[in-house]
Structures are given as C-alpha cells and as structure tokens.
Amino acid sequence: MKRVSVLGAALLLLLLVGGCVSSMYSQVMGPYYLKQQEYSEGIEAFTTRLKENPQDHVAAFYIGRYHLALNKPDKALPYLQKAAAMAPDNADYRFWIGVAHWAKLDFAEERKAYKAALKLDPDHISANLYLGHGYVDEGQWAKALARYDKVIELDPYNPEALYNRSVALEGLGKKAEEIAALKKFLEYYPDGSLAMRAATRLNLLGDFTYRNAIIGKRNVTIKSVVFKPGTDELVYESKESLQVVSAMMEVNDKLALHIVAYKDGDVAAAKARAHNVRNALLAGHPGISPSRLPLSWFGSAEPYELEGKSFSIKDSVQFITVTK
C-alpha cells in the first residue's frame, strides 16, 4: 500500500475541512436569511455557494425555501428536488417538496411527497400535520384524525392539530368527542381568530363553556362564568378568568361594561350573581370605579341567537360594552 505524502495529506485535510466549513456556513446562514426575510439576498448568496460547491445540498435546499417564501414555487421545486436527490435520507427535503407542490395546486404530488417524508421519518411532525390537512380537504376524516392524533402524540400542544382534530371529529359525526376536542383546544389557546371560531362551533353544538364577546373594541373569547352548585358563589377558575377582564379595564380607563346575569326561575339568585361578578372584577383593582360596571339581572333564561339558530341559556352572565 502506497503511503500518502505529507503534501497529499495536507491537501486532503484542506478539502475535508473546506467541505465542512461550506456545510456549516449553509446551515447557519440558511435560517438567518429566512428569519430576516431577506429572501432575494439569500438566493444570491447561496447561488454563488452552489456554483462553488455543486454538492452543497443545504444550499440548494435554502434557495428553494427562499423562492417559496417569494411565492415562486415553480422556481423553488427544482432546487428542493436537487437537494433531495443529493441527500435522499433527508425527510425535511421531501416535506418541502410537498409544500412546493401544494403552492402549485398539485395536491396529488403534494401528498406523495409527505408520504415519502414519513417513510423516511414516521415521526416527522409537519409531514403528519400537512398530510392530515390534505385528508380534511378530501373529506377523508378517519385518515385525517389518525394524522392529527399522531402529531398530538409527538407534540401535545400543537395548535393546528388540536383544532383540526375537532374538524375531523365533526366530519365523522362524533359530537361528544368534537365538543371535548374544542374545549381542549380552547383550554390551551383561548385567544385569537381560531379561538373565536372554536367558541362559535361549541355554541352551535349547544355548549356554552366559552363565549365570544366584544370588550371595548376587541373581539375576545371568554370562558363562561360558573358558580358553585346550588350557590351564587363563583368557582375559583371563574375568578381567575375574570381577572383578564379586569386587566383590560385597567389598561383602558374609559372602558365600561354592563354585567347582565340570567338565572331561570330565580331573580334573587340572578341579582346576587351579578353583584358577585362585579365584586370579583373589582377585587384587587382599586383603580376601577364600580360605576363602570352597571348591573342588570333577570329571573329567566337568556335568549340567544347564533347563525340562524335560537338557544335558551338557563344560567349565564353576559358582558356588554357600554357606549357613550
């Protein structure tokens, strides 16, 4: 066996180190351009690197990602496919090929790519999630549910999986499980447009654990006020949730809320509950004047209409912004 000369060994080491440095550069700078939203600059920089090292699959991958971010899937796809060809065991590359096909509205190829990613890595969260979305679009509810359950097994607080799991259950006609799934989502994510949609769906199913309200100029989702059985005393969880409303009143000193309590068949209880809710809102908030919280109460059920459906809620507390 011939010995490698000192010069040859040095050249080999230089080539190896150079390749590592190139790869490290791509892995560090790739996310940087994404985070800074400097997509065109990233394309320019990584195109140069890819010319210098045509086997830099990370560079090819990020060029594809930048084109996708610029909403140019036709330009993105060849680079993503090039990266996958150079690194056939990389599930991420397969997943992003699927995203590019989705952007091109080629849903059959999108699904194939996600399945290819899952063949390489069955625990790939994004591939499981997006495959589930595809099944929802096709009305394949059982398959969608299986994907979302897998995501939640891997990431118990994944908001998209938690919410869309309820959509799949709705498609399967499993009302009780759908309600439970919506409540679980709202327990973790009670804010934002998706929370409002979840609360609306709950209400349409006859469950009023959460309700949407207009507080000042904001549309918010609020957990309904609950009292201890047979009493007018608030449960601890309701006292906690009311502190969110108190905080909003402290931030906006012009905000006034009309508290309206309903208790079917018991006007005295309705009155006591309205007062107890106001006391809870004022507790620990000396800057809020009681005059900003006028009260009303009714010994009847609350009539409620939503999306053409009528409901009668026997026990409820509503917050109505007072306009001047």
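Derivation of every value follows stated rules applied to the coordinates shown; laboratory data play no part. Predicted model only: the values in this text are computed from it and were never measured. Counting neighbours? That spans all protein chains shown, and the Cβs are built from the backbone with ideal geometry, glycine included.
Which length gain, in nm to one decimal place, applies between residue 258 and residue 37 when the Cα-Cα distance is subtracted from 0.36 nm times their residue separation? Please list the in-between numbers first.
Working: separation 221, 0.36 × 221 = 79.56 nm, distance 4.51 nm.
Net length gain for the segment: 75.0 nm.
Express the relative contact order of the chain as a whole percentage, based on alpha carbon pairs under 8 Å and six or more residues apart in sequence. Write down the numbers at each step before the final one.
Values: 463 pairs, mean separation 26.5, N = 324.
Relative contact order of the chain: 8 percent.
Using only Cα atoms, what Kirkwood radius does the range 202-324 have, in angstroms? Spell out each step's value before the answer.
Working: mean 1/r = 0.0677 Å⁻¹.
Final number for the Kirkwood radius of the range 202-324 is 14.8 Å.
In the range 213-297, which trypsin sites (Lys or Arg not before Pro) are in a loop and have at most 13 other Cβ atoms within 10 Å, using DSSP for the loop call? Don't skip to the end; give the middle numbers.
Values: sites: 217, 218, 223, 239, 254, 263, 271, 273, 278, 292; in loops: 217, 254.
Those that pass, being in a loop and sparsely packed, are 217, 254.
If every alpha-carbon in the range 36-165 counts as one equal scatterer, what log10 I(q)/I(0) does Debye give at q = 0.13, 0.20 1/Å?
The Debye formula, applied to the Cα set alone, gives -0.56, -1.08.
Taking the Cα centre of the range 73-138 as the origin, how large is its charge dipole in debye, to the nearest 20, when only Lys and Arg (+1) and Asp and Glu (-1) carry charge on their Cβ atoms?
Roughly 180 debye for the range 73-138.
Quick one: Cα centre-to-centre distance for the range 133-201 and the range 228-276, in angstrom?
Between the Cα centres of the range 133-201 and the range 228-276 lies a distance of 30 Å.
Dipole of the range 208-297 (Lys/Arg Cβ +1, Asp/Glu Cβ -1, origin at the Cα centre): which of 216, 276, 290 lies farthest to the positive side?
Farthest along the dipole direction, towards plus: 216.
Residue farthest toward the positive end of the dipole of the chain, with Cβ of Lys/Arg at +1 and Asp/Glu at -1: which of 258, 128, 31?
31
Roughly what would the spin-label model give for residue 172 and residue 209, points 7 Å off Cα along C-beta, in nm?
1.8
Set the Förster radius R0 to 41 Å, insert the Cβ-Cβ distance between residue 105 and residue 304 as r into 1/(1 + (r/R0)^6), and round the FRET efficiency to 0.05.
Calculated value: 0.50.
Taking the range 250-324, which GluC sites (Glu not before Pro) meet the DSSP loop condition and have no more than 10 other C-beta atoms within 10 Å?
Qualifying residues, ordered by number: 307.
Can you check what the Kirkwood hydrodynamic radius comes to for the chain, Cα pairs only, in Å to one decimal?
Values: mean 1/r = 0.0415 Å⁻¹.
Kirkwood radius, the chain: 24.1 Å.
How high is the FRET efficiency from residue 123 to residue 237, r the C-beta distance, R0 30 Å, rounded to 0.05?
With R0 = 30 Å, the Cβ-Cβ based efficiency is 0.30.
With labels modelled as points extended 7 Å from the Cα through the Cβ direction, what inter-label distance (nm, one decimal) is found for residue 322 paired with residue 71?
Simple spin-label model gives 4.6 nm for this pair.
Return the long-range amide H neighbours of residue 235 (sequence gap of 5 or more, or a different chain), with a cut-off of under 5 Å between placed amide H atoms.
HN-HN under 5 Å from residue 235: 226, 227, 228.
How high is the relative contact order of the range 254-324, given as a whole-number percent (alpha carbon pairs under 8 Å, six or more residues apart)?
For the range 254-324, the relative contact order is 48 percent.
Rounded to the nearest 0.05, what FRET efficiency do residue 295 and residue 191 give with R0 = 25 Å and r taken as the Cβ-Cβ distance? Could you check? The partial results should precede the final answer.
On the way: r = 27 Å, r/R0 = 1.08.
Efficiency for this residue pair is about 0.40.
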